[in-house]
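The values are calculated or read from the model by the stated rules, or taken from the named source; none is laboratory data. Keep in mind that this is a model prediction, so the values were computed, not measured. As a convention, Cβ positions derive from the backbone with ideal geometry for all residues, glycine included, and neighbour counts pool all protein chains shown.
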Amino acid sequence: MPTIAISDIDIYYEILGKGPSLLFIHGGWVSRKMWTPQVKHFSANYQVITCDIRGHGRTGGSLKKRYSMELFASDIVEMLEKLQINEPIIVGLSMGGMVAQVLATKYSDYPIKALILSDTAISSELTFNDKLIKYLFAPKWLFLLIVRLLGVKRYANFAFWFAKKSRGEKWVGEDESIIDYEKEEMNRFDVKEFNKIFSAIYDYKIQDLSKVKVPTLLINGEFESKSVFQHANKMNELIEHSTMKIIANAGHTSNMENPDEFNRVLAEFLLKNKL
């Protein structure tokens, strides 16, 4: 089992293929497995790297009392340096996109070739709707309490039901096998680790994206929430060399819901920028 010691944990990683380095960063409460369609496709021409972020998958939890996007990014940079991975192309979805933003803005001494941000947010409180949810309908203390009272499994079932009602079934995705995969991953967490990850997402602040000077691709599923599209528009405004693309017939997990289209859009971007 390939692991590498970084700071206080052993991080699990996988590398497949040869060529320019292409790192995929997964979303919250899932694992590197979400990138399976991309690993299979891009490993023919790239050195594809996936890992399980601290708290997730085979890496597992840690004794840290608090997690943050900065901590996750620091872990990944340390992993890449120890693996001697130079100038990678970074792809992040959802929470992984937040980690990627931190990596791209706060590690100028660790250059990257390009940045791909998919179905992600620029902060936890950019829009009025974000603030309404964060401070009125779902304050941090209430969310953490609900997870403790329900337990992770019952909370996961509730969260998917609520997402379907509030954001629509197409946002969640209509492929039951993907939903089953996500629930299975979520159910692996204990309450403590689950809530540390939620707190990291809740506390996420906007980064200085004007520092990003590499080619950047902003991807969203067609049925992504209006709020996330507003976030993408703000990213596009702040990042000088950025373009936006929409993945048809996909919601929040666009890379899994329509992998062929996601792979095509990403491949075109890489080819266009000679990466």
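Determine whether VAL77 is under 25 Å from VAL191 (Cβ atoms) and assigned to a helix (DSSP H, G or I). Criteria not met by VAL77. Checked against (1) closer than 23 Å to ARG54 by Cβ; (2) in contact (Cβ under 8 Å) with a residue 12 or more places away in the chain; (3) surrounded by fewer than 24 Cβ atoms within 10 Å (Cβ to Cβ), ASP109 meets all criteria but (2). The test for being more than 23 Å from GLU257 (Cβ to Cβ) and of a type in the set (Asp, Glu) holds for ASP75.
Once segment 223-275 is narrowed to residues that are out of contact with any His (no Cβ under 9 Å at 6 or more places or on another chain), crowded, with 16+ Cβ neighbours inside 10 Å and among the charged types (D, E, K, R), the residue that is nearest to GLY173 (Cα to Cα) is GLU257. From the list LYS245, LYS213, the one residue that fits, being out of contact with any strand residue (DSSP E or B) (no Cβ under 6 Å at 6 or more places or on another chain) and either touching a residue at least 24 places away in the same chain (Cβ under 8 Å) or of a type in the set (Ser, Thr, Tyr) (or both), is LYS213. Kindly indicate the residue of segment 37-51 that is without any contact (Cβ under 8 Å) to a residue 40 or more places away in the chain and over 8 Å from LYS18 (Cα atoms) and also nearest to the chain's Cα centre (by Cα) among those meeting that condition. Here the answer is THR50. Tell me whether segment 52-66 contains one or more residues that are outside any loop (DSSP other than H, G, I, E, B) and of a type outside the set (Gly, Ala, Ser). No; the residues of segment 52-66 include none that is outside any loop (DSSP other than H, G, I, E, B) and of a type outside the set (Gly, Ala, Ser). Within segment 182-204, is there a residue that is assigned to a helix (DSSP H, G or I), farther than 26 Å from GLY60 by Cα and in contact (Cβ under 8 Å) with a residue 24 or more places away in the chain? There is no residue in segment 182-204 that is assigned to a helix (DSSP H, G or I), farther than 26 Å from GLY60 by Cα and in contact (Cβ under 8 Å) with a residue 24 or more places away in the chain. Among the helices (runs of 4 or more DSSP H) lying completely within segment 213-275, list those that include at least 3 residues that are under 28 Å from SER108 (Cβ atoms) and of a type in the set (A, V, I, L, M). Answer list for segment 213-275: 226-238, 259-272. Residues in segment 60-74 that are among the hydroxyl-bearing types (Ser, Thr, Tyr) and surrounded by fewer than 22 Cβ atoms within 10 Å (Cβ to Cβ) were compared, and the one that is farthest from PHE198 (Cα to Cα) is SER74. Counting only strands (runs of 3 or more DSSP E) that sit wholly inside segment 1-47, those with at least 1 residues that are of a type in the set (Phe, Trp, Tyr) are 9-16, 21-25. The lone criterion from (1) within 20 Å of the chain's Cα centre (by Cα); (2) over 19 Å from GLY221 (Cα atoms); (3) surrounded by 16 or more Cβ atoms within 10 Å (Cβ to Cβ) left unmet by TRP171 is number (2). Can you find, within segment 152-168, the residue that is modelled with the highest pLDDT among those that are surrounded by 14 or more Cβ atoms within 10 Å (Cβ to Cβ) and small (Gly, Ala, Ser)? Applying the filter and picking the extreme gives ALA156. Within segment 30-56, if we keep just the residues that are small (Gly, Ala, Ser) and crowded, with 20+ Cβ neighbours inside 10 Å, the residue that is nearest to VAL91 (Cα to Cα) turns out to be SER31.
Please state which one of ASP190, ASP203, ASP208 is over 18 Å from LEU103 (Cβ atoms) and surrounded by fewer than 17 Cβ atoms within 10 Å (Cβ to Cβ). Checking each option against the conditions leaves just ASP190.
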